[in-house]
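Working notes, beginning with the structure itself.
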Amino acid sequence: MKVLLCSPYNAGPEYEQGGIVVWANNIMSYYRAQNSDILVEVVPFNRKVRKKGNLFSRISGGVVDYRFAIKETSKQLKDGYDVLHLCTSAQLSLTKDYIVLRKAKRKGVKTVIHLHFGRVPELVQKCNWEWKLLKRVIKQADAVATMDMRSYQALRELGYKHIHYLPNPLSQDIMKQITDEAFSVERVERKLCFVGHVIPTKGVYEMIQACRQIDNIKLHVIGKVAPEVRSRMEEIASNDNWLIFKGEMSHQGVIREMLSSDIFILPSYTEGFPNVILESMACGCAIVATTVGAIPEMLDISSDRPCGLCSEPKDVNILRNNVLYFLDNPTEARLFAERAEKRVNEYYAMPIIWKQLNSIWSDT
């Protein structure tokens, strides 16, 4: 079987980064280490970073990138593929997705559209231009993969039969790194850890509001932070002895921070399928997060064996109570953490997801 993967991939600093790049890099890294009878080749659908200019110039720049991606895909399709796997973050790129799927169909190539976002239920409710475009793309594809169960169920309830649930994997490299580092890192009592782009929509202000009245903690904030955001966080914290900005770190440094933390906290307003949750699960952290994207199913919070505690976005009181619960009940916190570590190995390890992906390609 020959598969053409159309995705942002292996992107350098001049290109936009994101979860799809991480997913594609992880998949291709694992694929190259296998003796597989499947041939997978990539057309990189990368977008250049454009920080300057108005909205029109950024959109026109995106059009240039998409035209190049469409042209490259058309050339590759001449080599004869069985399946085209197209990753999308939706929004305006859906127009490009539709064109690519149409071209593949004309060549007799089966197609998979992979939805790397968890907003499908919201789009169904809004019934806006984005949803109308998405419906056309879904109808055009032979198979649709969703990374979260809410999106899967929303589409199934609308009568779509060709929907598959495909969660994101945790890479083999990260799993090995965690295993290698685990015995040399001690967990620090009452240490909290946040990892990500430090921006308001990650819930960082609410995080500080929730933590500032909790005694004897250290909150390590890891990631790029703008001066004005840091200043506001320090202002909310009042006494900032407990608030420690670590800045951007290597992945190895991030893993060591997670391994040494009692609690990992991610109070985002919106997420898709955050890799940092998978990594914190594998690092054995007690996890406090919000009910957005795939996080509730990742942490299995509706079961009788949850792997973390969740609150609605912006709910400072529940966020604080969840942190306090783990701090005041360390034995229970360790139980949650052990369940999280077990779950990530049983459901999100790369060999398991690779097998599911192969099944989608074979059945399309």
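Every number here is computed from the coordinates shown, using simple stated rules; none is lab data. Just so it is clear, the structure is predicted and the values come from calculations on it, not from any experiment. Please note: Cβ atoms are built from the backbone with ideal geometry, for glycine as well, and neighbour counts cover all protein chains shown.
Distance cut-off 20 Å, Cα to Cα: go down the list 96/355; 224/246; 78/355 and report the pairs above it.
Checking Cα-Cα distances, 96/355; 78/355 exceed 20 Å.
Using θ = phi - 60° and the Karplus form 6.51 cos²θ - 1.76 cosθ + 1.60, what ³J(HN,Hα) does each residue of region 185-192 get, whole Hz, x for Gly and Pro?
10, 8, 6, 9, 4, 6, 9, 10
Taking loop as defined by DSSP and a crowding limit of 15 other beta carbons within 10 Å, which GluC sites (Glu not before Pro) in region 132-200 fit?
Here the GluC sites (Glu not before Pro) that fit, given the DSSP loop and packing criteria, are 186.
Using the Karplus equation 6.51 cos²θ - 1.76 cosθ + 1.60 (θ = phi - 60°), what ³J(HN,Hα) coupling, rounded to whole Hz, does each residue of region 24-39 give in order, writing x for Gly and Pro?
5, 4, 5, 4, 5, 4, 5, 4, 5, 8, 9, 9, 9, 8, 9, 9
Pick from 187, 343, 106: which is most flexible by mean-square fluctuation in a GNM of the chain where alpha carbon atoms under 10 Å apart are linked?
106
Given the options 112, 21, 185, state which has the largest fluctuation in a GNM of the chain using a 10 Å cut-off (strictly under) for Cα springs.
185
What is the extension gain from residue 127 to residue 359, computed as 0.36 nm multiplied by their sequence separation minus the C-alpha to C-alpha distance, in nm to one decimal?
Extra length available between residue 127 and residue 359 comes to 80.4 nm.
Jot down the radius of gyration and Dmax of region 260-326, Cα atoms only, both in angstrom.
Expressed in Å, the Cα Rg and Dmax of region 260-326 come to 10.8, 27.
Normalised by the number of residues in region 172-347, what is the relative contact order in percent for Cα pairs under 8 Å and 6+ residues apart? Let's see the in-between values first.
Numbers: 320 pairs, mean separation 40.2, N = 176.
Once divided by the residue count of region 172-347, the mean separation gives 23 percent.
On a full-extension model of 0.36 nm per residue, what is the gain between residue 37 and residue 346, subtracting their alpha-carbon distance, rounded to one decimal in nm?
108.7 nm is the gain from fully extending residue 37 to residue 346.
To the nearest 10 degrees, how steeply does helix 330-347 sit against the main Cα axis of the chain, on a 0 to 90 scale?
The angle comes out at about 10 degrees.
Could you work out the mean projected area of the convex hull around the alpha carbons of region 172-347, in square nanometres to one decimal?
9.2 nm²
List, in the order given, every pair from 218/314; 75/107; 110/135; 105/161; 176/202 whose Cα-Cα distance in the structure shown is over 23 Å.
Among 218/314; 75/107; 110/135; 105/161; 176/202, the Cα-Cα distance tops 23 Å for 176/202.
Karplus couplings for region 287-300 from phi (6.51 cos²θ - 1.76 cosθ + 1.60, θ = phi - 60°), rounded to Hz, Gly and Pro as x?
Here the 3J(HN,Hα) series is 10, 10, 9, 10, 7, 10, x, 8, 4, x, 6, 4, 8, 6 Hz.
On full extension of the chain, what length is gained from residue 182 through residue 329, given 0.36 nm per residue of separation minus the C-alpha to C-alpha distance?
On the way: separation 147, 0.36 × 147 = 52.92 nm, distance 2.28 nm.
Gain in length upon complete extension: 50.6 nm.
Compute the angle between helix 93-106 and the longest alpha-carbon principal axis of the chain, please, reported from 0 to 90 degrees and rounded to the nearest 10.
Approximately 40 degrees, to the nearest ten.
For the chain, compute Rh as the Kirkwood radius over C-alpha pairs and then the Stokes-Einstein diffusion coefficient at 37 °C and 0.692 mPa s; write the answer in µm²/s, rounded to an integer.
The diffusion coefficient I find is 152 µm²/s.
How much net charge surrounds residue 339 when only other residues with a Cβ under 13 Å from its Cβ are counted (Lys, Arg +1; Asp, Glu -1)? Walk me through the intermediate numbers first.
Details: positive: 305, 334, 342, 343; negative: 300, 304, 332, 338, 341, 346.
Neighbour charge sum, excluding residue 339 itself: -2.
If each DSSP helix of 4+ residues adds -39,500 (n - 2.57) and the sum is divided by the residues in the chain, what number results at 222 nm, nearest 500 deg cm²/dmol?
Helix contribution divided over all residues of the chain: -15000 deg cm²/dmol.
How about region 227-293: which chymotrypsin sites (Phe, Trp or Tyr not before Pro) there lie in a loop by DSSP and see at most 15 other Cβ atoms within 10 Å?
Loop-located and lightly packed - 269.
How about region 157-214: which chymotrypsin sites (Phe, Trp or Tyr not before Pro) there are in a DSSP loop, with at most 11 other Cβ atoms within 10 Å of their Cβ?
Listed in order of number, the matching sites are 183.
Working from Cα positions, state the angle (0 to 90°, nearest 10) between the long axis of helix 129-140 and the longest principal axis of the chain.
For helix 129-140, the angle is close to 50 degrees.
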